[in-house]
Amino acid sequence: MKITIDVDCTPDEARRFLGLPDVAPMQQAMMDEIQRRTTETLRSMEPDQLLKTWLPLGLQGWEQMQKAFWRQAQPQRSSQPQPPKGDQGGAGGEAGGEGGGGD
């Protein structure tokens, strides 16, 4: 035996039927308060203060970030294949040695 019940109601009607509290006024009050505080804070801050807040150390912060990027990039550079040291310095020496021996 299978019984199916379809209930056609709005979320507000379902909330009231189940006896749940209406939190919409509280949510609206909280959102209004958050908006008021954010707007008040942004109006009271000057551009210099905003930059100091976002970049606490000013240019030193940028330098530190740049150094961190370079440190991250260095291991990647060292993992790239590099010619062996013997080929760089030895190539000229071997060619000279072979050419000198053949004369």
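Every number in this text was worked out from the coordinates using simple rules, so none of it is lab data. Keep in mind the model is a prediction, meaning the values are calculated, not measured. All Cβ positions, glycine included, derive from the backbone under ideal geometry; neighbour counts span all protein chains shown.
Data overview
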{"quantity": "Local electrostatic count, Gln28, Cβ distance below 13 Å [Lys/Arg +1, Asp/Glu -1]", "calculated": "-2"}
{"quantity": "Phi to ³J(HN,Hα) by Karplus 6.51 cos²θ - 1.76 cosθ + 1.60 over segment 8-16, Hz, x for Gly, Pro", "calculated": "10, 8, 7, x, 5, 5, 5, 4, 5"}
{"quantity": "Fewest-first ranking of Arg36, Arg15, using other Cβ atoms within 10 Å as the exposure measure", "calculated": "Arg36, Arg15"}
{"quantity": "Nearest-0.05 FRET efficiency for Val7 and Met30, computed from C-beta distance (R0 41 Å)", "calculated": "0.85"}
